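Only the coordinates and a few stated rules stand behind these numbers; no lab work does. Note that the coordinates shown come from a computational prediction; the quantities given were computed from them, not determined experimentally. Using ideal geometry, Cβ is built from the backbone for each residue, glycine included, and neighbour counts are taken over all protein chains shown.
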Amino acid sequence: MSQVFPKSANAWSKASVLAIVFVLLGLGWVVLTIQRSDFVTTANQFVEQPVQFSHQHHAGGIGIDCRYCHTAVEVSPSAGIPPTKTCINCHSQIWSTSPYLEPVRASFRDDKPLQWVRVHDLPDFVYFNHSIHVTKGVGCETCHGRVDKMPLMMQKSSLQMEWCLNCHRDPAQFVRPLDQVTVMGYQPAIAQAELGPRLVKEYKIAGLEHMTSCSVCHR
Amino acid sequence: MANHSNNTAPEESPVILPGHDFETVTEIVAEIPLSKRFPLGWIGLLLIGLGGAGMLHMALGYLVLKGIGIWGNNVPVGWAFDIINFVWWIGIGHAGTLISAILLLFKQQWRMSISRFAEAMTIFAVACAAIFPVFHTGRPWLAAYWLFPYPNTMGLWPQFKSPLIWDVFAVSTYATVSIVFWYVGMIPDMATLRDRAMSKVKATIYGTLSLGWRGSARHWHRYEVATLILAGLSTPLVLSVHTVVSFDFAVSVIPGWHATIFPPYFVAGAIYAGFAMVLTLAIPVRRFYGMESLITMRHIDNMAKITLATGLMVGYGYAMEAFFAWYSASSHEKFMMWNRMFGPYGWSYWTLIAINVVMIQLLWSRKVRQNTTVLFVMSLLIGVGMWLERFVIIVTSLNRDFIPASWGMYYPTQWDFMTFFGTIGLFLTLFLLFLRFVPMISIFEVKMLLPQSKVKADHAH
């Protein structure tokens with residue numbers, strides 16, 4: 001029988017050995033990248049809400065403190081979504097006839113809470129507690145980003161476990177003085193490398209063993 | 001090499017029967033993959049194998065839908081069929097590696113006729129074994145991050161202190177080296193098939209698989225070097241893989257598992273079960289395909305002897321387990337042994353003793369070793385016995401643990417049995433496909449046993 005392969009088969013077969021390696025490596029890289037993409041984590045995407053509430057305007061422009069609305073953040077696991085009454089405190093006086101705010105007035109009239117859409121949704125097997133973070137010097141901004149620059153709320157962080165562990169493994173990178181927790185655009189007064197470890201000690205933040213123990217978050 | 005064969009005792013039969021020359025060896029082996037014939041017996045067995053593989057498919061499909069609750073294992077017997085079958089299959093694979101690696105390094109010529117399909121058996125057995133740890137997680141698509149270290153989004157690595165992760169590396173290394181070794185060893189024969197193929201399609205397929213082999217002196221030189229390196233890589237695996245498998249148990253603190261005898265005891269058991277499996281496969285294959293002149297009674301006899309030797313080591317392991325239970329003076333160890341012998345699963349212990357200790361003594365007799373029918377039945381029984389050994393070790397150590405209040409019985413469900421017999425079907429299917437489409441005996445190696453090649457072989461080695 002004559003030759004079944006042309007002469008070029010030599011080159012092709014040698015090239016394919018290399019190609020297989022690169023294709024496999026490339027495929028691995030693509031999978032790992034997609035896993036961390038905004039498409040998967042839903043970070044950096046505006047979420048439509050029943051009312052076009054702007055944190056940029058309220059927190060940034062007017063300068064209302066985060067805790068005026070999220071009252072429970074220092075004492076409970078959930079930061080708390082404000083009741084409609086909190087809105088009405090001001091909006092009975094200003095913009096009281098704006099059509100944009102009709103859902104808010106309706107909610108107040110009918111005594112039916114606004115159905116906000118959750119933006120930061122952790123898996124149900126994770127027990128996150130706002131109060132411990134805020135009272136140990138983790139700033140709102142550290143996780144939620146520059147809320148004062150968001151016309152509509154969006155998730156800024158991946159909320160993936162490696163992101164949580166990034167801080168749990170070394171909280172000194174992020175902690176701030178307690179009076180600076182709600183500040184947006186915070187800059188440490190002295191180098192964080194010096195301030196961080198000092199604050200960690202002062203707040204008595206637990207060591208690596210406890211902070212990375214499974215049952216700290218998965219109970 | 002010729003010297004070795006001169007040393008053999010006069011009553012010992014030759015490695016291959018006389019009357020063969022280069023042409024007949026090629027013909028008898030290469031004819032099977034190249035022929036257009038699909039023998040009826042082959043088709044019948046393949047249908048049985050496919051039936052089993054289909055059943056495996058169903059069982060695993062239902063498992064993925066429902067979760068591992070469909071299996072019988074539950075506290076206190078948290079490990080059962082999944083790990084019994086895993087250890088059983090992995091153990092079976094060891095004979096192939098021993099034949100192709102250790103016997104190669106020891107220049108045992110008789111390995112040449114049986115190495116190819118023993119290696120195939122290894123690979124298919126490892127494939128069957130791998131199904132169990134992957135599917136016992138219940139969500140096999142997530143098993144990747146439970147088993148393999150890769151930069152995942154949880155920022156977590158597997159627990160490197162756990163023998164279970166050592167197991168992953170041991171078994172995946174084993175599978176990789178075995179496949180590469182098997183394939184490299186086949187390249188010259190694939191070229192033979194390419195050259196003898198009568199149709200363009202077959203020539204192209206076997207030509208691709210032969211990777212451009214021309215049989216030049218340089219090719220052979222590289223081939224010899226590669227084989228030697230791979231044999232060197234495989235040799236420690238014969239010992240290490242089952243050692244690590246035994247660590248799954250020995251590193252724990254369960255009475256009956258926490259024993260230093262486990263690694264050698266498991267390795268011996270693996271080779272014992274593996275050689276029994278090679279006999280189970282070789283005896284019908286050589287008769288069915290008329291290969292009695294290439295896989296001779298010498299092979300059968302040698303394999304039976306290795307089975308006996310390793311079987312005796314396994315028997316020593318059983319004796320030591322009982323001895324440790326007494327000598328440790330630990331009441332839990334003693335109770336475990338009593339429970340193993342006279343507890344609710346006592347029947348399984350005594351059956352395995354009957355097979356693995358009592359029955360194999362028959363192999364001392366040359367008459368038994370020369371009787372293929374008896375050997376075939378015995379090899380099947382050894383398969384059963386070694387399965388029972390893992391059943392005894394796993395279930396009887398767990399079903400009555402430290403607190404009597406938490407004792408419980410283990411009963412496998414239909415899904416356990418369907419998965420187990422399903423993997424046997426899968427193995428049968430893969431092995432039948434191998435027999436039909438791949439040269440089941442290493443053509444070029446067997447040729448080295450012919451008198452015609454002796455002159456050259458003496459110079460070459």
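In this model, which of A:Lys112/A:Lys136; B:Lys305/B:Lys334; B:Lys305/B:Lys447 are farther than 27 Å apart at the alpha-carbon?
A:Lys112/A:Lys136; B:Lys305/B:Lys334
What are the ³J(HN,Hα) couplings of the stretch B:332-346, residue after residue, when phi is run through the Karplus curve with 6.51, -1.76, 1.60 and θ = phi - 60°? Round to Hz, x for glycine and proline.
Result, rounded to whole Hz: 5, 5, 4, 5, 4, 5, 4, 4, 5, 7, 10, x, x, 9, x.
Exposure proxy check: B:Phe402, B:Phe117 ranked by fewest other beta carbons within 10 Å? Intermediate values should be presented prior to the final figure.
Numbers: B:Phe402 12, B:Phe117 25.
Ascending Cβ contact count within 10 Å gives the list B:Phe402, B:Phe117.
Hey, with R₀ at 51 Å, roughly what FRET efficiency would B:Leu34 and B:Leu65 work out to, going by the Cβ-Cβ distance, to 0.05?
Working: r = 43 Å, r/R0 = 0.85.
E(calc), rounded to 0.05, equals 0.75.
For the protein assembly as shown, with only Lys/Arg (+1) and Asp/Glu (-1) charged at the beta-carbon, what is the dipole magnitude about the Cα centre, in debye rounded to 20? The partial results should precede the final answer.
Working: 49 positive and 39 negative charges, 242 e Å.
For the protein assembly as shown, the charge dipole is close to 1160 debye.
When the gyration tensor of the stretch B:34-193 is built from Cα positions, what are the square roots of 5 times its three eigenvalues, in whole Å, from largest to smallest? Provide the component values of the computation, followed by the final result.
Working: eigenvalues 212, 106, 46 Å².
In descending order the semi-axes read 33, 23, 15 Å.
Work out the length of the dipole vector of the stretch B:199-307 about its Cα centre, built from +1 on the beta-carbon of each Lys and Arg and -1 on the beta-carbon of each Asp and Glu, and round it to the nearest 20 debye.
Working: 9 positive and 4 negative charges, 130 e Å.
In total the dipole reaches around 620 debye.
Between the stretch A:139-159 and the stretch A:70-122, what is the C-alpha centre distance in whole Å?
Between the Cα centres of the stretch A:139-159 and the stretch A:70-122 lies a distance of 19 Å.
Tell me what chain B gives for mean residue ellipticity at 222 nm when only DSSP H runs of n ≥ 4 count, each as -39,500 (n - 2.57), the sum divided by the residue total, rounded to 500 deg cm²/dmol.
Numbers: 18 runs with 316 residues, N = 461.
So the calculated ellipticity at 222 nm is -23000 deg cm²/dmol.
How big is the charge dipole of chain B about its Cα centre, in debye rounded to the nearest 20, if each Lys and Arg gets +1 on its Cβ and each Asp and Glu gets -1 on its Cβ?
Numbers: 30 positive and 22 negative charges, 151 e Å.
Charge dipole, chain B, about its Cα centre: 720 debye, nearest 20.
Which one of A:Asp179, A:Asp110, A:Asp65 has the biggest mean-square fluctuation once chain A is modelled by GNM with Cα springs under 10 Å?
A:Asp110
Report, ordered by chain and residue number, the aspartates and glutamates lying within cross-link reach of B:Lys107, taken as a straight Cα distance under 20 Å and ignoring same-chain residues fewer than 8 apart.
B:Glu12, B:Glu119, B:Glu224, B:Asp301, B:Glu445, B:Asp458
Arranged by the count of other C-beta atoms within 10 angstrom, fewest first, what order do B:Ser115, B:Ser330 take?
Values: B:Ser115 24, B:Ser330 14.
Fewest to most other Cβ atoms nearby, the residues stand as B:Ser330, B:Ser115.
Counting only other residues whose beta carbon sits under 15 Å from that of B:Ser246, what net charge do I get with K and R as +1, D and E as -1? Each step should come with its number before you reach the end.
Details: positive: B:Arg390; negative: B:Asp167, B:Asp248, B:Glu321, B:Glu389.
Around B:Ser246, the charge tally is -3.
With point charges of +1 on the Cβ of Lys and Arg and -1 on the Cβ of Asp and Glu, referenced to the Cα centre of chain B, which listed residue (B:Tyr345, B:Phe376, B:Ala120) lies farthest in the positive direction of the dipole?
Positive-most Cα among the choices belongs to B:Ala120.
Between A:Gln187 and A:Thr71, what is the FRET efficiency for a Förster distance of 30 Å, r being their Cβ-Cβ separation, to the nearest 0.05?
Details: r = 27 Å, r/R0 = 0.91.
The value I calculate is 0.65.
When the Kirkwood hydrodynamic radius is evaluated over all pairs of different C-alpha atoms of the stretch B:78-411, what value in angstrom, to one decimal, is obtained? Don't skip to the end; give the middle numbers.
Numbers: mean 1/r = 0.0464 Å⁻¹.
Kirkwood hydrodynamic radius for the stretch B:78-411: 21.6 Å.
Which is farthest toward the positive dipole end of the stretch B:78-411 among B:Ser328, B:Ser178, B:Val251, measuring Cα position about the Cα centre, with Cβ charges +1 (Lys, Arg) and -1 (Asp, Glu)?
B:Ser178
Please find the FRET efficiency linking B:Val184 to B:Lys334, where r is the Cβ-Cβ separation and R0 is fixed at 56 Å, and quote it to the nearest 0.05.
On the way: r = 51 Å, r/R0 = 0.91.
About 0.65, to the nearest 0.05.
If you build a Gaussian network model of chain A, linking Cα atoms that sit under 10 Å apart, which residue out of A:Val147, A:Val21, A:Val183 swings the most?
Residue with maximal mean-square fluctuation among A:Val147, A:Val21, A:Val183: A:Val21.
Could you list B:Phe324, B:Phe262 so that the one with the fewest beta carbons within 10 Å of its beta carbon is first and the one with the most is last?
Ranking B:Phe324, B:Phe262 by Cβ neighbours within 10 Å, fewest first, gives B:Phe324, B:Phe262.
Scan the stretch A:8-111 for chymotrypsin sites (Phe, Trp or Tyr not before Pro) in coil per DSSP, keeping those whose Cβ has at most 14 other Cβ atoms within 10 Å, and list them by number. Spell out each step's value before the answer.
Numbers: sites: A:Trp12, A:Phe22, A:Trp29, A:Phe39, A:Phe46, A:Phe53, A:Tyr68, A:Trp95, A:Tyr100, A:Phe108; in loops: A:Phe53, A:Trp95.
When the chymotrypsin sites (Phe, Trp or Tyr not before Pro) of the stretch A:8-111 are filtered for loop state and at most 14 Cβ neighbours within 10 Å, A:Trp95 remain.
Figure the gain on full extension for A:Lys149 and A:Asp38 (residue separation times 0.36 nm, minus the Cα-Cα span) and round it to one decimal in nm.
Working: separation 111, 0.36 × 111 = 39.96 nm, distance 1.90 nm.
Between A:Lys149 and A:Asp38, full extension yields 38.1 nm more.
For the residue pair B:Glu292 and B:Met154, what label-to-label distance in nm results when each label sits 7 Å from Cα along the Cα-to-beta-carbon direction?
Between B:Glu292 and B:Met154, the label points sit 5.9 nm apart.
Need one number: nm distance between label points at B:Thr173 and B:Ala143, each 7 Å from Cα along Cα→Cβ, rounded to one decimal.
Using points 7 Å along Cα→Cβ, the separation is 2.1 nm.
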